[in-house]
Amino acid sequence: MLRATLVIAARNLRARSRDRSALLVAFVAPLVLAGILSTALGGSGGFEPTVAVAGDSEQAGQLAEEVLGGPDLSAVVTVLRVADARAARTAVAEEEANAAIVVPDDLGERLRAGDAVRLDVVRAADSPLAGDLAEGVASSFAARLSVAQSSVALALEEGASVAQLPQIAGAALGQPPAMELAAGDVEVVQANAASYFGPAMGVFFVFFVVALGPATLLRERREGTLARIHAAPVPTLAVLAGTALAVGAMAMASLVTLWAATTLLFDANWGHPLGVVAIFVVLVLAVSGVAGLIATAARTDEQVDGLTSIAAFVLALLGGSFGDVGGLPPPWDGLAQFTPNGWALRGFVDLSAGAAPGDILLPLVAILAFAALTLGIAAPRASRLVGR
Amino acid sequence: MSAVLTCTGLAKRYGERQAVDGVGFEIAPGEAYGLLGPNGAGKTTTISMLCGLLDRDAGDVVVAGRPLDGSDPGVKRAIGYVPQDIALYPELTGQENLAFFGRLYGLSGGKLRQRVAAGLELAGLTDRGADRVDGFSGGMKRRLNIAAGLLHEPRLLVLDEPTVGVDPQSRNAILDSVAALREGGTAVLYTSHYMEEVERLCDRVGIIDEGRLIAEGTRRELVDQVGQADRVELTTDGDAEALAAACRSLEGVSDAQVVSGGVRLVALRGRSLLPALVSAADRAGAPLSSIDVAEPDLESVFLHLTGKALRD
């Protein structure tokens, strides 16, 4: 049994090594797409957004120069000063800025009058991280403004003069919040788009690699080589096992190649190697289950190709292989948890952010559960594919 | 000497259609047995059951003294199967194809290399062994297809219509190779709808039609079943039905069937009947454009037994 399995696997791999379309799908296409998506949607380097600050007030100046331009953010953020809210929206729309914070020109008067303070944030749909950053900065600044407002009110109650109010407010604004993360408390792991799209394309294309297995079996049945194998003293299970072993090996080789290439060429950070390999293994199992279901439904290798494309694209879209699905409206934003793509990418994102292998147990278990379900349904029917 | 292959009562049904019904025969070592019948007669279904490719509804198969019942996969080592389709991997070389199939039969190392070399030599492809099969001609592929069934030196070689679509030169080469194997002691089961091949190659012939073995024996024994009757082909542009009716009334004519373009007769001493046939044709208003007299052969045996031609 084992010997026959290895003989069949070796033959499959030899044939695949001479199949240009299979090599393109396994090794070239995912790398090319990962590179295109990484450079097109994420820039060539890391996260370096431009945030526009709208308004001529003193507070707008403080936001631009002391907060966004301060030591914590100036290495990452580029600040663009614009006149007003309209200019801010234009800057974001024309992609001169990834996000914008609009500071009302009468902010100072509002503070002194004790009126409500409002800061508007303009977000770009294709720069969610920049929008999150702008919102976070705006929230932090608004909190400081509230502190300043409270300080002014307290000072007035204490008998401070109106002339002293700007100084009091400015001092309060300049104070750091009661609780703040000190520099060095958080190790920031610089992530780039390639760290996302490298794994994303690997997860996407592995479907097409694994689908070579059932397509091969159907073609062998049609061309008569399967009958010749059955005429030999070879267990039926060896045919299935040998084919699965071959495509599994090819899928792993594809993923490892993509891992190495995106790391070297695009500075991708996939995270802890053990965690990466663990996700590779369970992912190949899960995708094999999907391929098995397709194989039991298809009658020809052309049908296998068609069904594989449908499954691969649907799961990729829902799972986030083409971009973050977190910004989609419900229920679409939650469907990723029903896909091996979604869980695999979640694991890769965590690893890329510095998680240890032990921290990605939940994604691994989720993917294994998916594999168990699909393989459990497909396995009893798979014998039909290779049977007499 | 005990038979290499013994099969009895083979049966297989596909829905309402009984594809094989009670087929049984034996093949001795060094004997070539031909299974002759038209397309759809049940030849491929029969040998698929014999090679363990198809589950039997009924019947037993014993190969080299061991039953083919799934309990002993090793019994398949005694069988060499050459399918009707060219079952080779086009992206592999001739050597790689033979090596793969040889490994499935347990060959390895020096023995495998020796058998692969022998297979290439048998196929006349020693100089092309390193070339991919998708670059071979149809005849080359057919010969390699046969060689792949012989790697493990089986006691029984089963060939399912091995010369379909092959040029005459390659066909002769294939038949010569099979004859040599038979003379070397290999038992051969050869299926075909080409009477000439079976007559040339086989010691005994089983005639199968509609799933049943309707006759079996040597060529001589089968031909004797139809007596000394010749097969006479009459070609006419006139009324073939009237011609057939007129011929049936002649003494010595045992059967007359209307066929495309004329009438086919089975008659004793056909040549002596020629004057009577010409007269009968004139009376029937169906003047003859040609007459062809053939000595008794398996085609006429089949026609006699089934009323059909092998290649209808």
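The values are calculated or read from the model by the stated rules, or taken from the named source; none is laboratory data. Because the structure is predicted, anything quoted here is derived from the model rather than measured. As a convention, Cβ positions derive from the backbone with ideal geometry for all residues, glycine included, and neighbour counts pool all protein chains shown.
Only one of (1) assigned to a helix (DSSP H, G or I); (2) surrounded by 20 or more Cβ atoms within 10 Å (Cβ to Cβ) fails for B:Pro275. Which number is that?
(2)
Scan the range B:1-15 for residues that are over 21 Å from B:Gly65 (Cα atoms) and either polar (S, T, N, Q) or not in a strand (DSSP E or B) (or both) and jot them down.
B:Gly15
May I ask you to verify whether A:Val103 is buried (at least 19 other Cβ atoms within 10 Å of the Cβ) and touching a strand residue (DSSP E or B) at 6+ places or on another chain (Cβ under 6 Å)? If you could, list the steps in order and put the result at the bottom.
Values: buried (at least 19 other Cβ atoms within 10 Å of the Cβ): yes; touching a strand residue (DSSP E or B) at 6+ places or on another chain (Cβ under 6 Å): no.
Criteria not met by A:Val103.
Do you know which residues across the range B:60-84 are within 20 Å of B:Leu36 (Cβ to Cβ) and either among the hydroxyl-bearing types (Ser, Thr, Tyr) or surrounded by fewer than 21 Cβ atoms within 10 Å (Cβ to Cβ) (or both)?
Within the range B:60-84, B:Tyr81, B:Gln84 meet the criteria.
To keep it simple, each residue is scored yes or no on (1) more than 14 Å from chain B (Cβ to nearest Cβ); (2) in contact with a Gly (Cβ under 8 Å, 6 or more places away or on another chain).
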site	(1), (2)
A:Arg16	no, no
A:Pro30	yes, yes
A:Ala60	yes, no
A:Leu63	yes, no
A:Val82	yes, no
A:Ala100	yes, no
A:Gly108	yes, no
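More than 14 Å from every other protein chain (Cβ to nearest Cβ) and either buried (at least 16 other Cβ atoms within 10 Å of the Cβ) or out of contact with any Gly (no Cβ under 9 Å at 6 or more places or on another chain) (or both): is that true of B:Gly124 in this structure?
Values: more than 14 Å from every other protein chain (Cβ to nearest Cβ): yes; either buried (at least 16 other Cβ atoms within 10 Å of the Cβ) or out of contact with any Gly (no Cβ under 9 Å at 6 or more places or on another chain) (or both): yes.
Answer is yes for this residue.
Take the range A:313-336 and flag every residue that is modelled with pLDDT under 70 and buried (at least 17 other Cβ atoms within 10 Å of the Cβ).
Across the range A:313-336, the qualifying residue is only A:Val325.
Of the numbered conditions (1) of a type outside the set (A, V, I, L, M, F, W, C); (2) facing another protein chain (nearest Cβ under 7 Å); (3) out of contact with any Pro (no Cβ under 6 Å at 6 or more places or on another chain), B:Gly65 fails exactly one; give the number of that condition.
(2)
Looking at (1) over 21 Å from the mean Cα position of the chain (by Cα); (2) more than 14 Å from chain A (Cβ to nearest Cβ), find the lone condition where B:Val166 falls short.
Of the numbered conditions (1) over 21 Å from the mean Cα position of the chain (by Cα); (2) more than 14 Å from chain A (Cβ to nearest Cβ), the odd one out for B:Val166 is (1).
Find the helices (runs of 4 or more DSSP H) located wholly in the range A:183-281 whose residues include 3 or more that are under 30 Å from B:Leu151 (Cβ atoms) and away from chain B (no Cβ under 14 Å), and list them. Write out each step before concluding.
Details: elements: A:193-210, A:212-223, A:225-231, A:236-266.
In the range A:183-281, the matching helices (runs of 4 or more DSSP H) lie at A:212-223, A:236-266.
Being surrounded by fewer than 23 Cβ atoms within 10 Å (Cβ to Cβ), over 20 Å from the mean Cα position of the chain (by Cα) and more than 12 Å from chain A (Cβ to nearest Cβ): is that true of B:Gly138 here?
No, not satisfied.
Could you list all residues from the range B:168-227 that are part of a strand (DSSP E or B) and buried (at least 22 other Cβ atoms within 10 Å of the Cβ)? Steps first, please.
At the first step, the residues of the range B:168-227 found to be part of a strand (DSSP E or B) are B:187-192, B:204-209, B:212-217.
Selection gives B:Ala187, B:Val188, B:Leu189, B:Tyr190, B:Thr191, B:Ser192, B:Val205, B:Gly206, B:Ile207, B:Ile208.
Suppose the filter is at pLDDT 80 or above, assigned to a loop (DSSP other than H, G, I, E, B) and either surrounded by fewer than 18 Cβ atoms within 10 Å (Cβ to Cβ) or within 14 Å of another protein chain (Cβ to nearest Cβ) (or both); does A:Asp72 pass it?
Working: at pLDDT 80 or above: no; assigned to a loop (DSSP other than H, G, I, E, B): yes; either surrounded by fewer than 18 Cβ atoms within 10 Å (Cβ to Cβ) or within 14 Å of another protein chain (Cβ to nearest Cβ) (or both): yes.
Considered against the rule, which asks whether it is at pLDDT 80 or above, assigned to a loop (DSSP other than H, G, I, E, B) and either surrounded by fewer than 18 Cβ atoms within 10 Å (Cβ to Cβ) or within 14 Å of another protein chain (Cβ to nearest Cβ) (or both), A:Asp72 comes out as no.
Mind listing whichever residues of the range B:154-167 are surrounded by 16 or more Cβ atoms within 10 Å (Cβ to Cβ) and part of a loop (DSSP other than H, G, I, E, B)?
As a first pass, look at the range B:154-167 and keep what is surrounded by 16 or more Cβ atoms within 10 Å (Cβ to Cβ): B:154-163, B:166.
Within the range B:154-167, B:Pro154, B:Arg155, B:Glu161, B:Pro162, B:Thr163, B:Val166 qualify.
Looking at (1) crowded, with 20+ Cβ neighbours inside 10 Å; (2) in contact with an Asp or Glu (Cβ under 6 Å, 6 or more places away or on another chain), can you tell me which one B:Leu144 breaks?
All conditions pass for B:Leu144, except number (2).
Yes/no matrix, rows are residues, columns are (1) in contact (Cβ under 8 Å) with a residue 60 or more places away in the chain; (2) more than 24 Å from B:Asp297 (Cα to Cα); (3) aliphatic (A, V, I, L, M):
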| residue | (1), (2), (3) |
| --- | --- |
| B:Gly102 | no, yes, no |
| B:Leu122 | no, yes, yes |
| B:Asp131 | no, yes, no |
| B:Met140 | no, yes, yes |
| B:Gly149 | yes, yes, no |
| B:Pro154 | yes, yes, no |
| B:Asp160 | yes, no, no |
| B:Leu181 | no, yes, yes |
| B:Tyr190 | yes, no, no |
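Could you tell me whether B:Glu96 is touching a helix residue (DSSP H, G or I) at 6+ places or on another chain (Cβ under 8 Å) and either at positive phi or within 11 Å of chain A (Cβ to nearest Cβ) (or both)?
Working: touching a helix residue (DSSP H, G or I) at 6+ places or on another chain (Cβ under 8 Å): yes; either at positive phi or within 11 Å of chain A (Cβ to nearest Cβ) (or both): yes.
Yes: the conditions hold for B:Glu96.
Are there any pairs, at least 6 apart or on different chains, whose C-beta atoms fall under 6 Å, with the first in the range B:39-57 and more than 14 Å from every other protein chain (Cβ to nearest Cβ) and the second crowded, with 21+ Cβ neighbours inside 10 Å and of a type in the set (S, T, N, Q), and if so, which?
Note: pairs meeting the criteria are B:Lys43/B:Thr191.
Quick check, is A:Ile8 among the aliphatic types (A, V, I, L, M) and within 14 Å of chain B (Cβ to nearest Cβ)? Show your work before the answer.
Working: among the aliphatic types (A, V, I, L, M): yes; within 14 Å of chain B (Cβ to nearest Cβ): yes.
Here the answer is yes, as A:Ile8 does meet what is asked.
Considering only the range B:254-304, state which residues are hydroxyl-bearing (Ser, Thr, Tyr) and closer than 27 Å to B:Arg220 by Cβ.
Selection gives B:Ser254, B:Ser272, B:Ser300.
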